[in-house]
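For reference, the structure is listed below as structure tokens.
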Amino acid sequence: IRARDSMEYVYFLLVTALDDSEHALAGIAAGVDDCLVKPVRPFDLKLRLMVAERVTELHRRLAERQRGLERTNVDLAATARQDPLTGLGNRLRMNEDLEIFKSRRDRYHEPFGVALFDIDHFKSLNDAAGHQAGDKALQRVANVVRRQLRLADQAYRYGGEELLVVLPAGVRR
């Protein structure tokens, strides 16, 4: 059981004067964690509280680990959609975003344009200066494109030396 607006586990201990097993089973079935029958011996109460502390600590650590995994999943999802060299969106992200742009066009009549950039003589640069020089050139071109984008525009690495930009119509700088 979680406390409202929290990942904190609340341990419930039912203390009852009814000394029948059906009552205890009904309490457990309803969500309590443990049962004690009155009169309660101090030793039994202390024992149950030690168990409760252990269980709530395990739940706290589990919730903390779960939050960490959720953050990692968000980071991985973003990384899976980003070209590692240019930092622009990759083909997966481009395909997902194009579906959104098309959906907005169809539903809200929001037109958009697409520009495809191909870097001329890129193969010659790679052959003459090496792939590291080609990578740097591609990064610089991607940075220039990124700086020119409006907030609603999106840029992607389409292919080796090709960049694609989606430009929603009617958007101002």
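The values are calculated or read from the model by the stated rules, or taken from the named source; none is laboratory data. The structure presented is a predicted model; accordingly, all values stated were derived computationally and were not measured. Here Cβ is always computed from backbone atoms with ideal geometry, including for glycine, and neighbour counts include all displayed protein chains. Calculation scope for accessible area: heavy atoms of the full protein, side chains included, ligands and nucleic acids excluded. Shrake-Rupley method; radii C 1.70, N 1.55, O 1.52, S 1.80 Å.
In this structure, Glu70 and Arg91 have a Cβ-Cβ separation that, at R0 = 30 Å, corresponds to a calculated FRET efficiency of about 0.70.
Were the residues from Glu8 through His23 laid out at 0.36 nm apart, the gain over their Cα-Cα distance would be 2.7 nm.
3J(HN,Hα) along the range 124-131, derived from phi through the Karplus expression 6.51 cos²θ - 1.76 cosθ + 1.60 where θ = phi - 60°, amounts to 5, 4, 4, 5, 7, 10, x, 5 Hz, with x in place of Gly and Pro. Shown are Asp135, Asp97, whose ranking by accessible area with a 1.4 Å probe and every protein chain present, most to least, is Asp135, Asp97. Neighbours of Pro168 by Cβ distance under 10 Å: Lys/Arg scored +1, Asp/Glu scored -1, total +1. Ligands, DNA and RNA left out, the 1.4 Å accessible surface of the chain is 54% carbon and sulfur atoms.
Taking the DSSP bridge list for the chain and keeping only pairs wholly inside it, about 70 percent are antiparallel.
To the nearest 10, the accessible area of Phe112 is 50 Å² with a 1.4 Å probe.
One compactness figure for the range 82-141 is 1.52, namely its Cα radius of gyration divided by 2.2 N^0.38 Å. Each semi-axis of the equivalent ellipsoid for the chain is √(5λ) with λ an eigenvalue of the Cα gyration tensor; in descending order they amount to 62, 21, 11 Å. Per-residue ellipticity at 222 nm from helix content only, as computed over the chain with -39500 (n - 2.57) for each DSSP H run of at least four residues, stands at -18000 deg cm²/dmol. The H on the amide N of Leu167, modeled in the peptide plane, is under 5 Å from the matching H of Gly113, Val114, Ala115, each at least 5 residues off or on a different chain.
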